[in-house]
Amino acid sequence: MSSPTLSQKLTAEALGTAILVFIGAGSVPLTVFLTGKNPFGSAELSTISFCFAFAIFAAVYATGHISGAHINPAVTIALLATRKIDAATAAYYIVAQVIGALIGAALTYIILIGNGPATLGLGSVSWNADTSGAGVAVAAEIIGTAILVFTVFGAAVDGRAPAGFAGVVIGFIVYGIIILVGPIPGAALNPARQVGPVLLEALIGFGKSSDRIGQLWVYIVGPIVGGLGGAFLYQFIGRQQTAAEPAIAVGEAVSAKA
């Protein structure tokens, strides 16, 4: 059986990220549209979190066997840093992910036409300036993404993990992280997931786009730093040690050579 080509892998990454942004991030403005509530209560936050979980289920099981379903530059950079992917492929993947995020945001815009997409936005997030500052927002993104990438490495990257469960495990850990971290910085956990909607929101004249662009560094730096932390933590606790040969066997080997 032949392996997928690079173009197939990049297309899979773009489509997987588009699914994530359209269903996950797109659930944010649609929830505002349906409920008229902004900020969200616990019920609305749970709905959005489930949408992200289901989007990840779909993306991982539909594209994971083709591209690995990184669908997140923080994951790709973590894999690059731990030497599980080469630099050129990582760069291509990140470009594909951003393109996919733009496609997902565009799909959200299409279904909101006639219902004020410039007012509702396309699913970008921001931190709550009334309760936290940039430092807390970055810290929350670092913590949330570290947990996510740690889980990705344990459930999907490590070949010892039980087969077939990665999508469910990753989807539900994202659900849990968003429930906990979402009320503070919005829990992007993924630079592409934020960049795509923010750029398209600026093009359609979203009223908060200038603020979101100014905050964009938080959702790039936080997930990348957190992803690296989660990856190296898993590398430390998950690495396999080479078993030492018993002293007797070593002695016999030396005698044989002599």
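Taking every alpha-carbon pair under 8 Å whose residues sit at least 6 apart, the stretch 152-243 reaches a relative contact order of 26 percent.
Calculate for the chain the 222 nm mean residue ellipticity that helices alone would give, adding -39,500 (n - 2.57) per DSSP H run of length 4 or more and normalising by residue count, nearest 500 deg cm²/dmol. Could you put the intermediate results ahead of the total?
Numbers: 12 runs with 177 residues, N = 258.
-22500 deg cm²/dmol, from helical runs alone.
What's the ranking of 57-69, 198-210 by average number of surrounding C-beta atoms within 10 Å, highest first? Please list the in-between numbers first.
Working: 57-69: 20.2, 198-210: 17.5.
For the peptides 57-69, 198-210, the packing ranking is 57-69, 198-210.
With Cα atoms as the point set, the radius of gyration and Dmax of the chain evaluate to 20.7, 86 Å.
Karplus-derived 3J(HN,Hα) values for the stretch 43-51, using 6.51 cos²θ - 1.76 cosθ + 1.60 with θ = phi - 60°, are 5, 5, 5, 5, 4, 5, 4, 5, 4 Hz; glycine and proline are entered as x. For the chain, a simple Cβ point-charge model (Lys and Arg +1, Asp and Glu -1, everything else neutral) yields a dipole of about 160 debye relative to the Cα centre.
To the nearest 0.05, how large is the calculated FRET efficiency for residue 236 and residue 179 if R₀ is 22 Å and r is the Cβ-Cβ distance? Before the final figure, lay out each step's value.
On the way: r = 28 Å, r/R0 = 1.25.
With a Förster radius of 22 Å, E is 0.20.
Please compute the net charge surrounding residue 17, taking Lys and Arg as +1 and Asp and Glu as -1 over other residues with Cβ under 14 Å from its Cβ.
Values: positive: 9, 193; negative: 13.
Residues close to residue 17 contribute a combined charge of +1.
Relative contact order, percent, of the chain when contacts are C-alpha pairs under 8 Å separated by at least 6 residues? Present the calculation step by step, with values, prior to reporting the outcome.
Values: 395 pairs, mean separation 71.0, N = 258.
Computed value for the chain: 28 percent relative contact order.
Mean silhouette area of the stretch 77-176, derived from the convex hull of its C-alpha atoms and averaged over all directions, reads 9.0 nm².
Using a 1.4 Å probe over the heavy atoms of the protein chains, calculate the carbon and sulfur portion of the accessible area of the chain as a whole percent. Carbon-and-sulfur percentage of accessible area, whole number: 68. The 3J(HN,Hα) values that the Karplus relation (6.51, -1.76, 1.60; θ = phi - 60°) gives for the stretch 80-95 are, in residue order, 5, 5, 9, 6, 9, 8, 7, 4, 5, 5, 4, 4, 4, 4, 5, 4 Hz. Gly and Pro appear as x.
Note that the stretch 233-238 has calculated 3J(HN,Hα) couplings of 5, 5, 4, 5, 7, x Hz, one per residue in order, obtained from phi through the Karplus relation 6.51 cos²θ - 1.76 cosθ + 1.60 (θ = phi - 60°); glycine and proline are x.
Take the Cβ atoms of residue 118 and residue 3, set R0 to 45 Å, and the FRET efficiency comes out at 0.55.
Take the Cβ-Cβ distance between residue 81 and residue 202 as r, set R0 to 25 Å, and report the resulting FRET efficiency rounded to the nearest 0.05. Display every interim value, and only then the final one.
Values: r = 31 Å, r/R0 = 1.22.
The formula returns an efficiency of 0.25 here.
Please report how far the C-alpha centroid of the stretch 148-222 lies from that of the stretch 1-68, rounded to the nearest whole angstrom. Using only Cα atoms to place each centre, the spacing works out to 10 Å. Residue 223: net charge of surrounding residues, Cβ under 10 Å, Lys/Arg +1, Asp/Glu -1, itself excluded? Counting the neighbours of residue 223, the net charge comes to 0. Take the Cα of residue 111, step 7 Å toward its Cβ, do the same at residue 172, and the gap between the two points is 2.5 nm.
The values are calculated or read from the model by the stated rules, or taken from the named source; none is laboratory data. No experiment lies behind these values; they were computed from the predicted model shown. Cβ: placed from backbone, ideal geometry, glycine included. Neighbour counts: every protein chain shown. Keep in mind that these areas ignore ligands, DNA and RNA; they rest on the heavy atoms of the full protein, side chains included. Shrake-Rupley method; radii C 1.70, N 1.55, O 1.52, S 1.80 Å.
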